[in-house]
Amino acid sequence: MNALYTVMLNFEFISAVPIFILLFFITAPYGKFTKSSWGPLTKAPLAWFLMELPVVVLPLFFFIVSSHPKDPLHWVFIIIWELHYIQRTLIYPALMNKSSHRMPILILLFSAVFNIINGFTNGWGIFVLQDSGTHSLSSAKFIIGIIIFITGFIINLQSDQILRKLRAPGETGYKIPYTGLFKYVCNPNYLGEIIEWTGWAVMTWSPAGAAFLVFTIANLAPRAYSNLKWYRATFPDYPENRKAIIPFIF
């Protein structure tokens, strides 16, 4: 299993580079960019549930079966991991507009495969190998990391709520959000995710956490840029000073 962990960990790091480049030329076909040319479609809430489920189950499984004592630090790690992914797997899809876009099954499968890899690397690396440079709840790495994580989590939830409130029940289509961090960037929800996993990488101080952060940036930064271009092309009055994902920079 350690050999498999090493392979998957290296895959996350290495694959981030071509994915980052590719996504600037090929927009991932989900949400507003859904295309039937990518094959059969399924309902977006169901797709989100299925593709996120592995990353809920695998780390929790490795936490439970690990022969290491369940120290307070790792209890906190698993709680905040599950907090994020239960919200992402169960609550987020349940709150989706029922008329939301459908998702290509192919994208569901790609995402599920990545989540299996990511769930395995973080679950095995942190809870079985305990490959972590953070050894107590009072360490600077843990305190700084969890503050960063919670900040990103709040930004993520707030941004999703702002987007949901733009539409009346049963309403479809897109509108320009103007509140929260949307004042500065087109995709504060993506920014929140990156901040979250920056915090995770810092607090766990682990190769698995670092790999996840690198892949998250590689996946979301191009996606944010595509969203910004779409909004500018769709809405002539879209604020010119907004950046894609990093305020005042990108």
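The values are calculated or read from the model by the stated rules, or taken from the named source; none is laboratory data. This structure is a prediction, so every number in the text was calculated from the model and none was measured. Don't worry about glycine lacking a Cβ; one is built from the backbone with ideal geometry, like all the others, and counts go over all protein chains shown.
Would you check which residues across segment 12-23 are within 23 Å of Trp48 (Cα to Cα) and not small (Gly, Ala, Ser) and list them? Glu12, Ile19, Phe20, Leu22, Leu23 - these are the residues of segment 12-23 that are within 23 Å of Trp48 (Cα to Cα) and not small (Gly, Ala, Ser).
Kindly evaluate Lys141 against the criterion of being surrounded by fewer than 19 Cβ atoms within 10 Å (Cβ to Cβ), of a type in the set (D, E, K, R) and not in a helix (DSSP H, G or I). No: the conditions fail for Lys141. Restricting the first residue to segment 198-209 and requiring it to be β-branched (Val, Ile, Thr), which pairs with a second residue that is buried (at least 24 other Cβ atoms within 10 Å of the Cβ) and part of a helix (DSSP H, G or I) meet a Cβ separation below 6 Å and a spacing of at least six or different chains? Every condition considered, the pairs that remain are Thr204/Ile126. Restricting Phe149, Phe61 to those that are more than 20 Å from Glu193 (Cβ to Cβ) and of a type in the set (Phe, Trp, Tyr) reduces the list to Phe61. Looking across segment 222-240, just one residue is assigned to a loop (DSSP other than H, G, I, E, B), free of Cβ contacts under 8 Å to residues at least 24 places away in the same chain and not acidic (Asp, Glu), and that is Pro236. Considering segment 22-40, and only residues there that are of a type in the set (A, V, I, L, M) and over 15 Å from Tyr190 (Cβ atoms), the residue that is surrounded by the most Cβ atoms within 10 Å (Cβ to Cβ) turns out to be Leu22.
Quick grid of which residues meet (1) closer than 20 Å to Leu58 by Cα; (2) buried (at least 18 other Cβ atoms within 10 Å of the Cβ):
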site	(1), (2)
Ile194	no, yes
Thr204	yes, yes
Gly209	yes, yes
Ala218	no, yes
Asn227	no, yes
Trp230	no, no
Asn241	no, no
Phe248	no, no
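The C-beta contact set for segment 37-58 (first residue within 17 Å of His84 (Cβ to Cβ) and in contact (Cβ under 8 Å) with a residue 60 or more places away in the chain, second residue of a type in the set (Val, Ile, Thr) and outside any helix (DSSP H, G or I), distance under 9 angstrom, 6+ apart or interchain) is empty. Return yes when Pro222 is under 14 Å from the mean Cα position of the chain (by Cα) and either at pLDDT below 95 or surrounded by 20 or more Cβ atoms within 10 Å (Cβ to Cβ) (or both) and no when it is not. Yes, satisfied.
Cβ-Cβ contacts under 6 Å between residues 6 or more apart (or on different chains), taken from a first residue in segment 135-156 that is touching a residue at least 12 places away in the same chain (Cβ under 8 Å) to a second residue that is crowded, with 17+ Cβ neighbours inside 10 Å and not in a helix (DSSP H, G or I), are listed as Lys141/Thr134; Lys141/Trp205; Phe142/Thr134. Number of residues in segment 48-89 that are under 27 Å from Trp230 (Cα atoms) and either touching a Ser or Thr at 6+ places or on another chain (Cβ under 8 Å) or in a loop (DSSP other than H, G, I, E, B) (or both): the value is 4.
Looking only at segment 200-209, decide whether some residue is assigned to a helix (DSSP H, G or I), closer than 30 Å to Gly125 by Cβ, touching an Asp or Glu at 6+ places or on another chain (Cβ under 8 Å) and of a type in the set (Gly, Ala, Ser). Yes: segment 200-209 contains one or more residues that are assigned to a helix (DSSP H, G or I), closer than 30 Å to Gly125 by Cβ, touching an Asp or Glu at 6+ places or on another chain (Cβ under 8 Å) and of a type in the set (Gly, Ala, Ser).
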